[in-house]
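Enquirer: Sending over a structure as structure tokens; questions will come in a sec.
The values are calculated or read from the model by the stated rules, or taken from the named source; none is laboratory data. Treat the numbers as computed from the prediction; the structure is a model and nothing was measured. A quick note on method: Cβ atoms are made from the backbone with ideal geometry, for glycine too, and the neighbour counts reach across all protein chains shown. The accessibility values were calculated without ligands, DNA or RNA, using every heavy atom of the protein model including side chains. Shrake-Rupley method; radii C 1.70, N 1.55, O 1.52, S 1.80 Å.
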Amino acid sequence: SYTLPPSCSSQTTTATAPLGVTPHEWTFRPSLVYYMPMGDELTRDIALPFGKSGREKFEVDQGLGLGLALEKRINDRWGLEGGFLFGQTETTYELTTAGLTGKDSHNANYYALTVGPNFHLLKCSPDLYLGLFVGYGGIADPNYWVFDHHFRASFDGRFIWGAQLGLDVPFSPVSDWGFHGGLRYFALSQDTDAGEIDIDPLLVEAGLSYKF
């Protein structure tokens, strides 16, 4: 017999399974994602045509998106997870010159593909885990025009890395479905006409978990 992961407040349940194999080998986690850039805004003084000068500012704001993750459990402590994130985040360019301020904003698409190990802290339910990951991600290239001045943010995809904290809580002791909540942070910087900007987003996830 094999010991199934019980509720942390319940007695152990037994079932037949090969030794060393978890009763649920896979966990699927679809979620809504709230995207919060943790980096600073980018500002600089620039020279404009006809002897004018100005000060420009660029920033990436909050956004919403969807996340999908699939984890293969290796044993009761370790798993390997692949993830995909996609959504929109607001970006704003601002130029001030001769006492006037103009803005141009765009909803830019962001995306990330990640893979990495998860370490499960509890041998019971709910399932609390920590993970590290690497991947590829970025934001779609937006272009901005203010007072006939062009500003470009070259948001090419690039290597990313980060960490996450997740929690799966089953709807009942015998349910394969449950609530998923998580925090995910990854390091991301992008090039612009004003130099490199650190975006470094923190993502808050809320959704479902399905074990099978």
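Enquirer: Within the bounds of the range 66-76, is there any residue that is of a type outside the set (A, V, I, L, M, F, W, C) and closer than 22 Å to His150 by Cβ?
Expert: Just the residues of the range 66-76 that are of a type outside the set (A, V, I, L, M, F, W, C), to begin with: 67, 71-73, 75-76.
Checking the rest, the ones that are also closer than 22 Å to His150 by Cβ come to none.
No, because not a single residue in the range 66-76 is of a type outside the set (A, V, I, L, M, F, W, C) and closer than 22 Å to His150 by Cβ.
Enquirer: Right, something else. So which of Gly166, Gly162, Gly178 ends up being open to solvent by less than 10 Å² (accessible area, probe 1.4 Å), touching an Asp or Glu at 6+ places or on another chain (Cβ under 6 Å), in a strand (DSSP E or B) and not hydrophobic (A, V, I, L, M, F, W, C)? Spell out how you get there, then give the answer.
Expert: On the way: Gly166 fails: touching an Asp or Glu at 6+ places or on another chain (Cβ under 6 Å); Gly162 fails: touching an Asp or Glu at 6+ places or on another chain (Cβ under 6 Å).
When all the criteria are applied, what remains is Gly178.
Enquirer: Of the conditions (1) part of a strand (DSSP E or B); (2) out of contact with any Ser or Thr (no Cβ under 9 Å at 6 or more places or on another chain); (3) touching a residue at least 40 places away in the same chain (Cβ under 8 Å); (4) closer than 23 Å to Gly162 by Cβ, Leu122 satisfies every one except a single condition; which number is it?
Expert: (1)
Enquirer: For the range 42-66, enumerate the residues that are among the hydrophobic types (A, V, I, L, M, F, W, C) and in a strand (DSSP E or B). Break it down stepwise before answering.
Expert: To start, the set of residues in the range 42-66 that are among the hydrophobic types (A, V, I, L, M, F, W, C) comprises 42, 46-48, 50, 58, 60, 64, 66.
Those that are among the hydrophobic types (A, V, I, L, M, F, W, C) and in a strand (DSSP E or B): Leu42, Ile46, Ala47, Phe58, Val60, Leu64, Leu66.
Enquirer: Same structure again: Filter the range 83-108 down to residues that are under 15 Å from the mean Cα position of the chain (by Cα) and open to solvent by 60 Å² or more (accessible area, probe 1.4 Å) and give me whichever is nearest to Gly135 (Cα to Cα).
Expert: This residue is Phe84.
Enquirer: Same structure again: Considering only residues that are aliphatic (A, V, I, L, M) and touching a Phe, Trp or Tyr at 6+ places or on another chain (Cβ under 8 Å), look in the range 30-47 and name the one that is surrounded by the most Cβ atoms within 10 Å (Cβ to Cβ).
Expert: Taking the range 30-47 first, the residues aliphatic (A, V, I, L, M) are 32-33, 36, 38, 42, 46-47.
If we keep only those that are touching a Phe, Trp or Tyr at 6+ places or on another chain (Cβ under 8 Å) too, we end up with 38, 42.
Working: Met38: 12, Leu42: 20.
It comes out as Leu42.
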